[in-house]
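Written below as structure tokens is the structure these notes are about.
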């Protein structure tokens with residue numbers, strides 16, 4: 001919501017600043033002309049994801065999920081690995097935003113800022129999204145542009161992507177432990 005308030009403030013400021021000027025170059029700098037060159041559906045998609053995650057956090061579902069994972073899984077690296085597998089059918093932006101809501105950046109411990117958990121989660125979320133073509137926005141875009149069918153990708157590439165995901169995770173864990 002703060003980002004939207006910032007856009008509104010910028011919009012009002014540029015309208016006041018450029019109101020009496022009719023130069024074509026200056027008119028291109030106004031917010032309303034800039035919006036015509038922006039893919040608003042993508043911006044609204046990510047805004048919706050972040051607002052949904054905030055609603056889940058406020059409602060307590062993310063805290064419940066973190067307690068469940070801590071109780072039943074326990075190891076932070078295994079939690080990252082499982083969340084990366086979930087990234088194969090969830091968008092990685094939503095998954096990482098949800099994980100930030102589940103495990104706030106603490107000063108120390110397994111979930112500290114720039115710690116192994118967050119670095120491994122970054123690898124797992126991005127790479128896990130390639131296991132199924134629907135796990136990333138790029139994969140969905142390629143499906144539409146190249147007319148790739150889900151079943152075709154599943155048969156030809158999902159096993160290879162899974163093996164690459166597991167191999168990369170093993171290398172990461174060997175290097176960091």
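The values are calculated or read from the model by the stated rules, or taken from the named source; none is laboratory data. From a predicted model like this one, the values you see are computed outputs, not experimental measurements. Because the Cβ atoms are built from the backbone with ideal geometry, glycine has one as well, and the counts that use them run over all protein chains shown.
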Six or more apart or on different chains, Cβ under 8 Å: which pairs go from a residue in the range 3-22 that's farther than 27 Å from residue 48 by Cα to one that's modelled with pLDDT of 80 or more and part of a helix (DSSP H, G or I)? Could you list them? none
If the Cβ limit is 9 Å and pairs must be 6+ apart or interchain, which residue in the range 112-125 that is at positive phi and modelled with pLDDT under 85 pairs with which residue that is surrounded by fewer than 14 Cβ atoms within 10 Å (Cβ to Cβ) and part of a loop (DSSP other than H, G, I, E, B)? 114/105
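Can residue 81 be described as modelled with pLDDT under 80, farther than 22 Å from residue 46 by Cα and surrounded by 19 or more Cβ atoms within 10 Å (Cβ to Cβ)? Explain how you work it out, then say what you get.
Working: modelled with pLDDT under 80: no; farther than 22 Å from residue 46 by Cα: yes; surrounded by 19 or more Cβ atoms within 10 Å (Cβ to Cβ): yes.
No.
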Could you list, in sequence order, all residues of the range 61-109 that are within 21 Å of residue 133 (Cβ to Cβ) and part of a helix (DSSP H, G or I)? 81, 82, 83, 84, 85, 86, 92, 93, 94, 95, 96
Of 43, 49, the only residue that is in a helix (DSSP H, G or I) and surrounded by fewer than 16 Cβ atoms within 10 Å (Cβ to Cβ) is 43
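Give the residue, chosen from 102, 51, that is free of Cβ contacts under 8 Å to residues at least 24 places away in the same chain and either farther than 29 Å from residue 137 by Cβ or within 18 Å of the chain's Cα centre (by Cα) (or both).
51
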Does residue 144 qualify as being surrounded by fewer than 15 Cβ atoms within 10 Å (Cβ to Cβ), modelled with pLDDT under 85, part of a helix (DSSP H, G or I) and over 12 Å from the mean Cα position of the chain (by Cα)? yes
Considering only residues of the range 34-62 that are at pLDDT 80 or above and in contact with a helix residue (DSSP H, G or I) (Cβ under 7 Å, 6 or more places away or on another chain), which is farthest from residue 90 (Cα to Cα)? 57
Taking the range 130-141 on its own, how many of its residues are in a helix (DSSP H, G or I) and either closer than 15 Å to residue 88 by Cβ or in contact with a strand residue (DSSP E or B) (Cβ under 8 Å, 6 or more places away or on another chain) (or both)? 7
